[in-house]
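K.L.:
Attaching a single structure in structure tokens format; questions to follow.
No value in this document is a laboratory result; all are computed from the given coordinates. Computed from a predicted structure; not experimentally measured. Here the Cβ positions follow ideal geometry from the backbone for every residue, glycine too, while neighbour counts run over all protein chains shown.
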Amino acid sequence: MQTLSIGKMRGMQQCSSARGSITTLALDHRQNLRKSLNPQSPESVTAAELTAFKVQVAAALAPEATSVLIDPEFGAGQAVAAGALPAYTGLVVAVEASGYTGDPTQRHSRVLPGWSVAKIRRMGANMVKLLVYYHPDSPIAAEGEAFVRQVAEDCRAHDIPLMLEPLSYPLNPAQKTLSSDEKRYVVVETARRLTPLGVDLLKAEFPLDTTDAASLQVEASWASACAELNAASVAPWILLSAAVDFETYLRQVAIACQSGASGVAVGRAVWKEAVSLQSEARATFLREVARPRLARLSALCSALARPWQAYFTTPEISATWYQSY
């Protein structure tokens, strides 16, 4: 077990419930949100439209979350300025640029130009989120590991916790997605390799392809895969939703939390229908459907999740700790 610093401990506390469960409302989507808002002409979606959507969703749903994950370009500063985030809800801000560079089978992640861990700390956020495209067998795997290590070092220097979101991808150009068995290997091995690099919270993919009809019927295999992921990660982990339907995600979350997950980072599984609605219809959906969904997930995590504190020891604080801080 590792000992958390004071700043990181405080950040984790501010992003979780008193019990130590985590319900993060994910609103850090950028290009894929453009595509959802206007599938025929994503490039016509303006920055103002993206911001308006994010601020509206945050204002409607954040009271049910322990933290909100949002991007700097279209949401973080804007949501704070609009008063859309309750004072008791943690703020997690993305540090990476949207998308990737390079070949689809060798994906390179990068920090958003003009943005940094230092600025995230300075704006008052409680946690940094880094998305990295990663496959443990890729020829550029070492580059991805070095990237994670560098951002983790920046987070240590500024004493703010790091949430890592690794996204898997196939190395075979003929494949669009990983098979269920491949995904299990990649997600578990990714946790094993990346969480020791200074990660404080892992935002993990479900370690199977649950769109696979065979997998969908065998929840025992879900529990086994989640237990394997739990054993591989040296950091607490939360389950991302990856836009699956809400009822499937509920099943995933229950099994993940029973297998050791500390909560969720959920976006489209809760609010995705809102993108096709306008005005009062959108507001009604967020209030009457999306918010109860998030409340249901929060209750489930509170009941079943492993508290993140179980992964860390408490620092010893003497009367002179501040002198060397």
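K.L.:
I want to verify a result. In a Gaussian network model of the chain, Cα cutoff 10 Å, which of these has the top mean-square fluctuation: Val68, Val289, Val117?
P.N.:
Fluctuation is largest for Val289.
K.L.:
When 1/r is averaged over all different Cα pairs and the result inverted, which Kirkwood radius in Å belongs to the chain?
P.N.:
19.9
K.L.:
Once you've got the GNM for the chain with C-alpha springs shorter than 10 Å, pick whichever of Gln252, Gln150, Gln175 has the biggest mean-square fluctuation.
P.N.:
Maximum fluctuation in the GNM of the chain, among the listed residues, is at Gln175.
K.L.:
Based on Cβ point charges of +1 for Lys and Arg and -1 for Asp and Glu, what charge dipole magnitude is obtained for region 2-324 about its Cα centre, in debye rounded to the nearest 20?
P.N.:
My answer is approximately 680 debye.
K.L.:
Whose amide H sits under 5 Å from the amide H of Thr177, counting only residues 5 or more places off or on another chain, with H placed in the peptide plane?
P.N.:
Amide H to amide H, under 5 Å and 5 or more residues apart or across chains, Thr177 pairs with nothing.
K.L.:
Does region 39-126 classify as rounded, prolate or oblate by the C-alpha gyration tensor (a ≥ b ≥ c root eigenvalues; a/c under 1.5 gives rounded; else a/b over b/c gives prolate, otherwise oblate)?
P.N.:
Taking the square roots of the gyration eigenvalues as a ≥ b ≥ c, region 39-126 is oblate.
K.L.:
Right, another one. I need Met123, Met163, Met12, Met1 ordered by Cβ neighbour count within 10 Å, fewest first.
P.N.:
Met1, Met123, Met12, Met163
K.L.:
Along the Cα→Cβ direction, 7 angstrom out, place labels at Val289 and Ser318. What is the inter-label distance in nm?
P.N.:
5.9
K.L.:
Under the rule of at least 5 residues apart or a separate chain, name every residue whose amide H is placed under 5 Å from the amide H of Thr23.
P.N.:
Here the answer is Ser17, Thr66, Ser67, Val264, since their amide H atoms fall under 5 Å of that of Thr23.
K.L.:
Per-residue HN-Hα couplings for region 149-166, Karplus 6.51 cos²θ - 1.76 cosθ + 1.60 at θ = phi - 60°, whole Hz, x for Gly and Pro?
P.N.:
In residue order, the calculated couplings are 4, 5, 5, 4, 5, 4, 5, 4, 4, 9, 6, 9, x, 10, 9, 9, 10, x Hz.
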